[in-house]
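The values are calculated or read from the model by the stated rules, or taken from the named source; none is laboratory data. Not measured: the values here are computed from a predicted model. Virtual Cβ from ideal backbone geometry, glycine too; neighbours counted across all protein chains shown. Protein only, heavy atoms only, side chains kept; ligands, DNA and RNA dropped before computing areas. Shrake-Rupley method; radii C 1.70, N 1.55, O 1.52, S 1.80 Å.
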Amino acid sequence: MEINLNENVNFKLALTYARKGWQVFPVHSIRNGVCSCGDSKCENPGKHPRTKHGLNDASSDEQQVSQWWQETPDANIGIRTGEVSGISVLDIDPRHGGFESIKAFSLPDTLVSKTGGNGQHHIFKYDEKIPNIVGFKPGLDFRSNGGYIVAPPSNHISGNEYLWADLSLEPVPAPDWMKTKGQKKAAVQSVIGTIQEGGRNAYLMSLAGSMRRRGASQEAIEQGLLAENKEKCNPALDENEVLTIARSASRYEPEVEAQEDNPDLLSQEQVNEIKKRVEAIPKETAATDLPALLNPILEEIAELDMAQGDAILHNIIKGHFGSVWKNGELSTYAKVLKGYRKDTKNGEEAAGLGKDELLRKLDEAKDIKLVHPAQDYIDGQMIFSVRAQDTWCLVTSNKDIFTLEDSTLAGFNLKHDSVVESHFSPKGLSLYLRGEYEVNIAAIYQKIYDYIKRFIIFPDDRYLAYLALWTIGTYVFMVFRYYPYVWLNAEKGSGKTLLMEILSKIAFNGDLTTNPTESVIFRDISNNLITLFIDEVERLRKREKDVYGALMSILNVGFCKTGAAKRSEKNSNGNFSIKSFNVYSPKCFAGINEIDDVLQDRTVRIELLRKKAGQEVERYKESKEIMDLEQSIKDDLYVFALSNAKALSELYNKEGSIKGLGHLANRELDIWEPIFLLANVVNMNRSSLNLTGLMEDLSKQSLLERQSDNNDQNETCKILTALRAMLEDSEVTPTSQEGDIKEFVAAEVLNYFKCNESFDWMEKTHVLTRRLKRVHIKSEQRRVNGFKQRVYLINMKVFEDWCERFNI
């Protein structure tokens, strides 16, 4: 039947748009409250194209437009945006906070339409710098090349119509912020939305399974997968491989019938009804008033199938309130939901979950990995937090990237989500994810070595080699159980402060401080795993004793992956509770004076000397060349860690695989092992550097220095040394000997100790007695030459064993 288009308002306006040069196409409309596509479960009612190729069929040809509306006179109108129509559009959606978001930006007067959902379309002249992106800010989208809008007088599922404010106005140029900020956001989304090799099949299989469970046909699955493959997979899978995935998924029966047979499972219409009720609750509702509105809904879904109830909570409810929930509200309402579920049970079920349900939870939990978002290594994957514009993400060794919010979906539970440090550049990150960033560890080592040498003179180049390796290791320290500290021991004017500054520019999350607070020390390490650089430790000891004490408690345990420090903190209820902070991270500190022997066991000492006359180095300035060099080093190290962490872990955990460690044991072995491993790896790529040999020489020297320092500082060493000297003195003879046990008069031993400068302060034998107990020397009252006297009984076998342990 011929339709009189002269009376059709939709056709008239579609023709008007075509005459403006805008490309239009027919879109499904709303008939009797549902989408004209006939799908009662349509997720985009009244907004999706009627034509086979969607917006790609759009045209400004009047004959084509007439034919479309002759065929479907009630069709809504779609306008293709971008260069083909000469327009770019700002879409403001009030349901997701669009009018709140737009308050931060200025808008010029231009052509505006009111949408059926009470939002707005601001029409501007096309600009190639404006991308087509969804979610520029909450409730703000840009429509340009590759996008479209629904135009007046189209109808909306709400019953409203799209309306023009004043169609006689012409679009004006878009504001600059849409160009600059839009481009940056688009770059972020292009990184996050790309699925690289290694994740493409899993992604498409998951999508196919989801579509089939909802009852999609094989043809629909094929079309959906081909579109996603083309848009998101980089590089795209072969088309035949995609079709094979679709055919495989189509072999399974849809779950529609099972859903209909399950009285506890809601239909899509019922879910949509719950969604409307949730979205009817204002986001700005006070936290104290929200339970009265939300809890009745939670009580209802508590009676549903558990999986569907959880999906409603995490998708619909969190989706609505997610932008305003900041302090664990989701966890709170999850507990409320769990409480309602218990209330619905009776008998034995009320006492707890059944065995099958507990087993299901255990099966789900075993695949969830608990990770630290700043840096972690688990099950062969290296993980870093990275920042894509204003979005925090996790990037993995598998070249996957996802937002922190989506980490659970990727199989990760985060230890916390308050990371604020990341120095992987957007360019470097993008190249890595595309598989276009390759690194060579020997070249990275040389780049770091040359960078440091430009500004610092070392009395021994082995120190420089060590620091280059140590800096590399800060990007993989979570692979190791222990990681050594660096102690810069030097006089004033020797360059230690400058050295710490330039190292902090390239080390993982480097942070240089001279006046830290106790709170910052604990939280910054625990949250961001910073490489901590602390200058002028002596001043801190004198000026801030509490902070110095906090620092020492960190340094004593923070070289080990299990290292934690506990602090008492006030909670939200005003009560105090004990909180444990993980303080494992690389650390470097500088000072003039000696450090205690406990800290020395965790440290490699680097000596610096003042320059001699005539020794010159380049002055350090933060020029563009230097800053670019520092960034390139950091990007290289991120990529090295992501690409090689698994191989490093395998070498580290394979007994006997690291060369050069034969002379080390105990704590020395712990702190040198990561450095030797990195030296081995560099040598594999460039044997001429002989880093393993250099580290072997340096570690032997360090071992001798430490033994000497221990003898000078460790009281047990001092006691053993004094006893050794006494036993070898021919003028000191035992009063008796039975087997291996020699007897000495306590007063004579005390007099001998008082002649030693380390014990010249000692006045009483009971003081000496307490110290000799450390090395298992007994004290007794005996008769000597007819008089009752205190004596010391020295078991020579036990004594020699102690001396052997302390190299006396």
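In Å², and per residue, what accessible area does region 713-753 have when probed at 1.4 Å with the other protein chains present? Write down the numbers at each step before the final one.
Details: 2000 Å² over 41 residues.
Dividing the accessible area of region 713-753 by its residue count gives 49 Å².
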Assuming 0.36 nm per residue, please report the length gained on full extension of the stretch I741 to Q781 beyond their Cα-Cα distance. 12.8 nm
Put a dot 7 Å past each Cα toward the Cβ at K415 and S106; how far apart are the dots in nm? 4.7 nm
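Too long at a 29 Å Cα-Cα cut-off: which of K103/K230; K505/K561; K492/K700?
Details: K103/K230 36 Å; K505/K561 24 Å; K492/K700 27 Å.
Among K103/K230; K505/K561; K492/K700, the Cα-Cα distance tops 29 Å for K103/K230.
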Extension gain (nm, one decimal) between N145 and A287, 0.36 nm per residue minus Cα-Cα: 47.0 nm
Taking all protein chains in place and a 1.4 Å probe, what share, in percent, of the accessible surface of region 36-158 do carbon and sulfur account for? 45 percent
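Roughly how many percent of the accessible protein surface of region 727-790 is carbon and sulfur, given a 1.4 Å probe and a whole-percent answer? Show your work: numbers first, answer last.
Details: 1970 of 4510 Å².
The C+S portion of the solvent-accessible surface of region 727-790 is 44 percent.
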Rounded to the nearest 10 Å², what accessible area does L293 show when all protein chains are kept and the probe is 1.4 Å? 80 Å²
For Q183 and Q64, FRET efficiency with R0 = 45 Å and r from the beta-carbon atoms, rounded to 0.05? 0.85
A 1.4 Å probe over the protein heavy atoms gives region 422-520 a carbon and sulfur accessible-area percentage of 48 percent
Area of L167 that stays accessible when all protein chains are in place (1.4 Å probe, Å², to 10): 40 Å²
Could you state the accessible area per residue of region 390-512 in Å², with a 1.4 Å probe and every protein chain left in place? 35 Å²
Which length gain, in nm to one decimal place, applies between T403 and E655 when the Cα-Cα distance is subtracted from 0.36 nm times their residue separation? 87.0 nm
Between R774 and S40, how many nm apart are label points set 7 Å from Cα along the C-beta direction? 8.5 nm
D450 and V84 label points (each 7 Å along its Cα→Cβ direction) are spaced in nm at 5.1 nm
